[in-house]
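Below is one structure; the comments refer to it alone.
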Amino acid sequence: MILAKPERKSFKGIAIAGIPDKRFDVEIRSGRFVSVREADAAAAAGAAAQAGAATQAGAAAQGEEAESAGSSDPAAEIVDGSELWITPGLIDLHTHMAWTDFDHADQDKRDPAEVEAMQARAFEATLRTGVTTVRDAGGLTPAAAAHLVREYRQPLRIDNGSHMFGAADARGADYLKRKADEVFASGANWIKIMATGGLGAPTESVTDPVFTEDEFAFLVRYAHENGRKVFVHAWGGAAIDWSARAGVQSIEHGMFLTADQAARLAEANVAFVPTASIYRIAADPQGVLGLPPVIRDRAARAVEAHANAVAYAKRAGVRIGFGTDYATPHLHGRNLQELYTLLDYGLNREEAWIAATSDAARILGRSGELGSIAEGYLSDAVIFGSDPYAARSEAELRGSIAAVITGTDESELA
Ligand SMILES: [Zn+2]
């Protein structure tokens with residue numbers, strides 16, 4: 001159930017995940033949290049009874065069966081939250097919402113109408129799993145995003161990288177300036193730089209930079225001068241040091257990050273978005289991507305290194321962000337898998353959720369309005385029927401989602 005920008009909604013005595021032994025009254029008006037207050041037990045019980053009475057009266061007035069809208073139904077205006085948990089809506093800092101196939105050539109073989117329908121399903125699956133904001137890491141133009149949000153009524157909030165600056169753009173500063181101007185004109189608010197190879201490159205050379213440092217530094221500076229933020233695909237190597245020196249917002253993947261580099265990222269306030277789960281999926285011979293052995297081997301090398309990279313970042317105090325790099329129908333909607341990979345790689349439960357909520361909002365530069373259940377914030381939230389911090393798997397966590405709430409509706413997003 002996706003509830004876009006509720007006009008009025010109250011959760012009485014709901015638990016905020018990660019805050020044990022306390023219950024809260026949470027009020028939403030016009031897509032914002034207007035009040036988040038601790039509920040005392042007696043008041044919570046009274047409010048729950050009142051909520052029941054209000055719901056029954058409402059149902060009776062409409063001539064419906066009272067049982068059709070119990071007060072614990074998240075769709076009700078006043079909800080008994082005594083058996084519900086709330087978290088902020090999750091923020092996925094690295095998705096490819098427009099992609100439908102691992103290999104781009106396979107997407108080109110599809111009928112455009114089929115591609116669009118698949119993209120709309122990806123938007124819906126992403127929202128249904130509790131991800132209310134994404135940063136698209138390439139392939140989705142702002143115009144295409146707006147079209148999908150509006151036509152398919154999917155209120156997903158999207159930051160756009162749009163074009164991926166890569167090896168084909170390594171043609172000097174004048175060329176980069178012209179190309180960046182085009183990307184700015186498209187409305188993209190991020191510049192995405194592919195600074196090293198990826199699964200397509202042999203392991204020996206995957207960390208070789210594809211730009212000169214002058215080109216790289218120019219592009220970052222030019223983006224910043226024009227009010228855009230910068231995120232950098234870098235598996236490792238010199239591009240990570242350049243990113244620290246240039247002061248980009250985040251590096252992505254970074255599995256060959258060293259302990260020294262982690263310290264430099266922390267000092268430069270550059271965040272790290274490991275996108276850890278996708279490499280495990282890519283390495284798995286039985287995985288949904290079904291990749292050839294040579295690619296699976298490269299992914300396996302990445303997996304071996306990734307846990308160390310995350311540990312170095314955590315120890316150095318680098319801000320870690322949640323991102324999936326998901327790009328196919330089997331993966332969109334399974335975003336919560338990344339939480340469990342981050343846990344396997346050494347984050348604790350609270351750190352993994354912070355990476356997906358408040359720290360992700362900080363990386364987006366929107367920490368004053370996204371990523372927290374707090375007064376004045378947009379009401380992006382996920383309602384769970386059991387404690388999300390106790391869920392042992394992605395399937396269990398996803399299965400316990402009772403509703404997803406957004407603070408903005410599609411008319412404001414597109
Ligand atoms: Zn990506």
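The values are calculated or read from the model by the stated rules, or taken from the named source; none is laboratory data. Just so it is clear, the model here is predicted, and its values are computed rather than measured. Positions of Cβ are generated from backbone atoms using ideal geometry, with glycine treated the same way; all protein chains shown enter the neighbour counts.
Structure values in brief
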| item | result |
| --- | --- |
| Criterion (in contact with a helix residue (DSSP H, G or I) (Cβ under 6 Å, 6 or more places away or on another chain) and over 24 Å from Leu339 (Cβ atoms)) met by exactly one of Val210, Val294 | Val210 |
| The lone exception for Phe256 - which of (1) in a helix (DSSP H, G or I); (2) closer than 18 Å to Gly197 by Cα; (3) away from the ligand (no atom under 16 Å from the Cβ) it fails | (1) |
| Residue count for the range 92-130, restricted to those that are under 30 Å from Glu375 (Cα atoms) and away from the ligand (no atom under 16 Å from the Cβ) | 7 |
| Pairs where the first residue, in the range 388-402, is over 16 Å from Ile354 (Cα atoms) and the second is at pLDDT below 95, C-beta under 9 Å, 6+ apart | Ile401/Met1; Ala402/Met1; Ala402/Ser72; Ala402/Asp73; Ala402/Pro74 |
| Test: residue in the range 226-243 that is basic (Lys, Arg) and within 30 Å of Ser379 (Cβ to Cβ) | yes |
| Qualifying residue in the range 120-142 (condition: over 22 Å from Lys5 (Cα atoms), modelled with pLDDT of 95 or more, of a type outside the set (Asp, Glu) and not in a loop (DSSP other than H, G, I, E, B)) | no |
| Residue in the range 211-229 that is in a strand (DSSP E or B) and modelled with pLDDT of 95 or more present | yes |
| Index of the failed condition, Gly161 passing every other in (1) at pLDDT 95 or above; (2) more than 30 Å from Pro388 (Cα to Cα); (3) of a type in the set (Gly, Ala, Ser) | (1) |
| Hits in the range 372-387 (condition: aromatic (Phe, Trp, Tyr) and in a loop (DSSP other than H, G, I, E, B)) | Tyr377 |
| Filter result for the condition that a residue is closer than 26 Å to Ser72 by Cα and either within 16 Å of the ligand (Cβ to nearest atom) or modelled with pLDDT of 95 or more (or both), over Gly346, Gly317, Gly321, Gly385 | Gly385 |
| Where Thr324 falls short, out of the listed (1) free of Cβ contacts under 8 Å to residues at least 60 places away in the same chain; (2) closer than 22 Å to Leu291 by Cα | (1) |
| Test for Ala238: is it hydrophobic (A, V, I, L, M, F, W, C) and free of Cβ contacts under 8 Å to residues at least 40 places away in the same chain | yes |
| Close pairs (6 angstrom Cβ cut-off, 6 or more residues apart or separate chains): without any contact (Cβ under 8 Å) to a residue 60 or more places away in the chain in the range 84-107, within 12 Å of the ligand (Cβ to nearest atom) anywhere | Ala98/Gly139; Ala98/Leu140 |
| Odd one out for Leu265, checked against (1) away from the ligand (no atom under 16 Å from the Cβ); (2) of a type in the set (A, V, I, L, M, F, W, C); (3) buried (at least 21 other Cβ atoms within 10 Å of the Cβ); (4) in a loop (DSSP other than H, G, I, E, B) | (4) |
| Counted residues, the range 306-324 - those being in a helix (DSSP H, G or I), surrounded by fewer than 24 Cβ atoms within 10 Å (Cβ to Cβ) and of a type outside the set (Ser, Thr, Tyr) | 6 |
| Qualifying position, being assigned by TED's automatic domain parsing to the domain that holds Val270, in contact with a helix residue (DSSP H, G or I) (Cβ under 8 Å, 6 or more places away or on another chain), away from the ligand (no atom under 16 Å from the Cβ) and at pLDDT 95 or above, among Ala305, Ala311, Ala300 | Ala300 |
| Residue among Ser250, Ser277 that alone is closer than 18 Å to Trp190 by Cβ and either within 13 Å of the ligand (Cβ to nearest atom) or out of contact with any strand residue (DSSP E or B) (no Cβ under 8 Å at 6 or more places or on another chain) (or both) | Ser250 |
| Total residues in the range 131-156, condition of a type in the set (D, E, K, R) and more than 14 Å from the chain's Cα centre (by Cα) | 3 |
| Qualifying positions in the range 249-260 - free of Cβ contacts under 8 Å to residues at least 40 places away in the same chain and buried (at least 24 other Cβ atoms within 10 Å of the Cβ) | Ile251 |
| Boolean, Thr133 is touching a residue at least 40 places away in the same chain (Cβ under 8 Å) and either away from the ligand (no atom under 16 Å from the Cβ) or touching a Pro at 6+ places or on another chain (Cβ under 8 Å) (or both) | yes |
| Residue satisfying condition, being outside any helix (DSSP H, G or I), over 12 Å from the mean Cα position of the chain (by Cα) and touching a residue at least 24 places away in the same chain (Cβ under 8 Å), within set Val303, Val288 | Val288 |
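For every residue, the table says whether it meets (1) of a type in the set (A, V, I, L, M); (2) surrounded by fewer than 17 Cβ atoms within 10 Å (Cβ to Cβ); (3) within 17 Å of the chain's Cα centre (by Cα).
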| site | (1), (2), (3) |
| --- | --- |
| Gly346 | no, yes, no |
| Arg362 | no, no, yes |
| Gly371 | no, no, yes |
| Leu378 | yes, no, yes |
| Gly385 | no, yes, no |
| Ser393 | no, yes, no |
| Glu396 | no, yes, no |
